[in-house]
Amino acid sequence: MYFCEQKDYKAMKRIVIFLTIVAMSAGSIYAQTTWFDSDELGNGATWSGICCEAQQGSNTTDPFGHMSHGSKYETIGLSAGHLIRMDAGYVNFDSVMVYMYTTASSNQAPLIASDGTELTYEKVTKDGKNYLEAKWKNPGKFVGVLILTVGDKATLAENAANRDNKGEAEVCQVDVYASEELGACGAPMPTDSVTLNISSTTFARVGDLEYDYDYEMDATDNVAGVTIHIPFSLIWGDDWEDGNKHDYYVETGMTVKVGGQTYALEYGSLSVKQNSVDTKKFDFHLDVIGANGTRYFGDWTCAFFAPNPLYSKEPTTPTTINFVPTQAIYDTWVSAHQIVIYLQKDDDFIQLNFVANKVTSGTIVALGTYTINDEGDVGTVRASEGFKEGYANDESAYYINPTEEEYGWNPETAYFFKSGTVKVESSAQGIKITVNATSYYGSTVSAVYEGGLTDIDDLPTGVEELRTRGNGTRYTILGIPCDESYHGVVIENGRKMRVQ
């Protein structure tokens, strides 16, 4: 099954609603969707979502199989009572042509259509070969499944003496024309259809938050009281912003909620494509059948936004922040190819993780402009991977009122840096650091610090102030409150000590 153009699925909606009682509109365009040769027909085939298969039938025990007539024809021999079953689901058949090999000695029987329609027969030449073409034409009603049965008597035999013999049909090829390019073989036949007017779409990220790209989508029509729930996955490193159409076919976990009842989706798909006008949004097309017997259509455009729990500490609405630090503290982890500089003001600070393999005299990090990314190359600033309980949460970010725990910072609010630049220059005061960063949810954080750098292992200038911050409270040398699980240099009651 696929998503047809708007005009196509509206036409199908009319057919599905009224089923067999409404004639097809004049001027409808039908395309050849598939053809089956004798090999495909004999083994059963599904191509373009339409099934075609030769079947035994209930009134014959005769076997059927491949028969060869030299190098010109390959046929499958069917006897009286054998069936050719075609299933397009809720896609409407327009016409079917069965091409049969025939000779003067053939016991050719007519094909009897399950809908009672009379087939027409004509000798035709196709691709340089001569056939007897049996043509079925839609009589003006919806037909999604068609069965052609080989007749009992060879009434079409060229030799009149054979016309009372038992019938047969030597089928070479079947051509199928239908109202949509792709069918829905085996789909349940809907008894009703609803065109949804989606008023809200929400997305949630699920699964392993670091490695999986699994999401759940809820699309709701508030007026109709219908919510379509569809889990889907994006390929690692891929997204929808490529201009291509992405199809998600119905599988376990996809449901439709109608009022207070939830039904499984049994057939259909969701397609997504980047909007050609506003590339930050995406066009969604829904065509599914629920276990309640209703087919649901829907077309809408919206942005794809799935809050990531790894970045739950960051506000999702982008904002502009101009942070004015008053001091800078550095820590060198050259063994881990990392030098950290904290730009601090009161209890808040920007942390910058420079990827470096040496300490530069005077400025600690080499002069230059550093790109913020997650490549880990020397000469860059490492982007943040967000916040996760029990993990090292101490990467490049703007931390607001954090506490320090064993694994890193636990802030009230943070803006996790994902891109941007950090420029390091020499200055008469010591160093000048200019930060222009973009956070995970698109906030921009700017900061300029000019002055000296303090080694994290030196007694901070703010120790006297820490003596006034309460009895027994433990702080890091950045002045951040920490608990007894924290390991490293701490200050408690004005005394500096190292906790192992």
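Computed quantities for the displayed model
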item	result
10 Å binning of all Cα-Cα separations within the stretch 313-456, expressed as whole percents from 0 upward	13, 46, 35, 5, 0
Reference-scaled alpha-carbon Rg (2.2 N^0.38 Å with N residues) for the stretch 192-306	1.04
10 Å beta-carbon shell around T33, net charge (K/R +1, D/E -1)	-4
Cα-Cα over 22 Å, subset of K345/K432; K257/K281; K313/K418; K358/K423; K257/K388	K257/K281; K257/K388
Qualifying lysines (Cα of each under 27 Å from Cα of K123; at least 8 residues distant if same chain)	K72, K135, K137, K153, K166
Summed side-chain charge close to K123 - residues other than K123 whose Cβ falls under 14 Å, Lys, Arg +1, Asp, Glu -1	0
Cα-based radius of gyration of the stretch 69-126 once divided by 2.2 N^0.38 Å, which approximates compact folds	1.31
Summed residue charge, Cβ within 12 Å of S95's Cβ, Lys/Arg positive, Asp/Glu negative	-1
Candidates per GluC sites (Glu not before Pro) in the stretch 220-327, loop by DSSP, up to 13 other Cβ within 10 Å	E241, E251
At R0 = 30 Å, FRET efficiency that the Cβ-Cβ distance of Q429 and H337 yields, to 0.05	0.60
Qualifying trypsin sites (Lys or Arg not before Pro) in the stretch 354-426, DSSP loop, other Cβ atoms within 10 Å at most 13	K358
Cα centroid separation, the stretch 331-372 to the stretch 234-309 (Å)	44
Residue exposure sequence - V150, V324, V435 - by fewest surrounding Cβ within 10 Å	V324, V435, V150
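Read the figures in this text as sums done on the coordinates, not as results from a lab. This is a predicted model, so every value here is computed, not measured. Glycine gets a Cβ as well: all are built from the backbone with ideal geometry, and neighbour counts include every protein chain shown.
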